[in-house]
Structures are given as C-alpha cells and as structure tokens.
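Novice: I'd like to ask you about the structure that follows.
The values are calculated or read from the model by the stated rules, or taken from the named source; none is laboratory data. For clarity, every value in this text was computed on a predicted model and none was experimentally measured. Here the Cβ is made from the backbone with ideal geometry for all residues, glycine too, and neighbour counts use every protein chain on show.
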Ligand SMILES: [Zn+2]
Ligand SMILES: [Zn+2]
Ligand SMILES: [Zn+2]
C-alpha cells in the first residue's frame, strides 16, 4: 500500500497544501521545506553574504547557460511589458500603440549622461532602472519614428 504523504514543512512545521512545495520537495514522503521557507532561507542567505550569493548565482548561470538565457529573456520581456503599461502603452508624441515600436526615451535627451551616472549598460538595464525607481518622470514612451526624429532633429516633426 502506498503511504500517504502528509505535506508538512520540516522547517516551519506547518501542514500545507501539496502545491505549497516545490516539485520533488516531498519525495518519498519525506518532509521538506515549503516554498515559503525556501524563499525565506534564500533571502536570509542573501542578506548574510551578498557576495557569496551573487557568486552562487553566477556559477549556476554558467552551468545552465541555455536555461538562464531563456529565463533572463523571459524576465526582460516581463519587465518591458510592465514598463510599457506603466507609461501608458503608447507613444507620447503620436500615440502609436504597437508594442514593438515603443522605446523608453529620456525626456531631456540626457540618456548618455543618465546611463553613465546610474551604471546602466545594455538594452534592458533602463527598464529595470525604471521599475526600481517607480517609473520616474524623466522617462517617457516614444515610438521608433518619434524617438529617431527627436534624436536627429531635436524634436519630432509631429510637434512642428
Ligand atoms: Zn515552511
Ligand atoms: Zn510616435
Ligand atoms: Zn512624433
């Protein structure tokens, strides 16, 4: 007869639902940590020794290159969509709504300076920055056309 698994977390000692455990976490009916305890544990570790935590993450990424690429692409996409939504999902100049055309733009054309000051490298760094800083007003959404025109001519032809 199969033994019934009681999903009790061996860390917080609470009986939880099966879905509150990571897959494989309840192997052979052994009590393991629930998801909440696992994430609390990692949070603690991170606080204790941030450098070691970062090294671990790096090691994991090196070992799981393909997987980590997919994961980071997914998280980039997620953040991008979040940002687009927070900034109104359309070009502030012409109202273009095609998500693929939209870019984050520095309102005062100080993008280079701003990126340097805040150590923002690469395409998605700005998106993470915006999220971290609660969607600052010095950024706005522009479509590729308006963005390019603004960069080239100082202002978009839509505005003249
Ligand atoms: Zn627990
Ligand atoms: Zn536009
Ligand atoms: Zn425009």
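Novice: Output the number of the condition that residue 86 fails; it satisfies all remaining conditions of (1) within 13 Å of ligand 2 (Cβ to nearest atom); (2) surrounded by 13 or more Cβ atoms within 10 Å (Cβ to Cβ); (3) at pLDDT 95 or above.
Specialist: Single failed check for residue 86: (1).
Novice: Among the residues that make up segment 71-88, is at least one of them within 16 Å of ligand 3 (Cβ to nearest atom), assigned to a loop (DSSP other than H, G, I, E, B) and out of contact with any helix residue (DSSP H, G or I) (no Cβ under 6 Å at 6 or more places or on another chain)? Give the steps one after another, and end with the answer.
Specialist: First, the residues of segment 71-88 that are within 16 Å of ligand 3 (Cβ to nearest atom): 87-88.
Keeping just the survivors that are assigned to a loop (DSSP other than H, G, I, E, B) gives 87-88.
Next, from what is left, pick out any that are out of contact with any helix residue (DSSP H, G or I) (no Cβ under 6 Å at 6 or more places or on another chain): 87-88.
Yes; the residues of segment 71-88 include at least one that is within 16 Å of ligand 3 (Cβ to nearest atom), assigned to a loop (DSSP other than H, G, I, E, B) and out of contact with any helix residue (DSSP H, G or I) (no Cβ under 6 Å at 6 or more places or on another chain).
Novice: Select, from 53, 41, the only residue that is touching a residue at least 12 places away in the same chain (Cβ under 8 Å) and not assigned by TED's automatic domain parsing to the domain that holds residue 136. Even if it seems obvious, please write down each step before you answer.
Specialist: On the way: 53 fails: touching a residue at least 12 places away in the same chain (Cβ under 8 Å).
Criteria check complete, one pass: 41.
Novice: So residue 103 passes all but one of these: (1) part of a loop (DSSP other than H, G, I, E, B); (2) touching a strand residue (DSSP E or B) at 6+ places or on another chain (Cβ under 8 Å); (3) within 30 Å of residue 149 (Cα to Cα). Which condition number does it fail?
Specialist: (1)
Novice: Does segment 107-135 hold any residues that are closer than 14 Å to residue 84 by Cα and surrounded by 13 or more Cβ atoms within 10 Å (Cβ to Cβ), and which are they?
Specialist: Selection gives 124, 126, 127, 128, 129, 130, 131, 135.
Novice: With the condition kept exactly as written, say whether any residue in segment 138-147 is without any contact (Cβ under 8 Å) to a residue 24 or more places away in the chain and more than 16 Å from ligand 1 (Cβ to nearest atom).
Specialist: Residues of segment 138-147 that are without any contact (Cβ under 8 Å) to a residue 24 or more places away in the chain, as a first pass: none.
Scanning segment 138-147, I find no residue that is without any contact (Cβ under 8 Å) to a residue 24 or more places away in the chain and more than 16 Å from ligand 1 (Cβ to nearest atom), so the answer is no.
Novice: May I pose another question? Among the residues of segment 89-105 satisfying the criterion of being free of Cβ contacts under 8 Å to residues at least 24 places away in the same chain and away from ligand 3 (no atom under 11 Å from the Cβ), which is farthest from the chain's Cα centre (by Cα)?
Specialist: Quick first cut of segment 89-105, residues free of Cβ contacts under 8 Å to residues at least 24 places away in the same chain only: 95, 97, 99-100.
When the remaining residues are screened for being away from ligand 3 (no atom under 11 Å from the Cβ), the result is 97, 99-100.
On the way: 97: 22, 99: 18, 100: 18 Å.
Within segment 89-105, the match that is farthest from the chain's Cα centre (by Cα) is 97.
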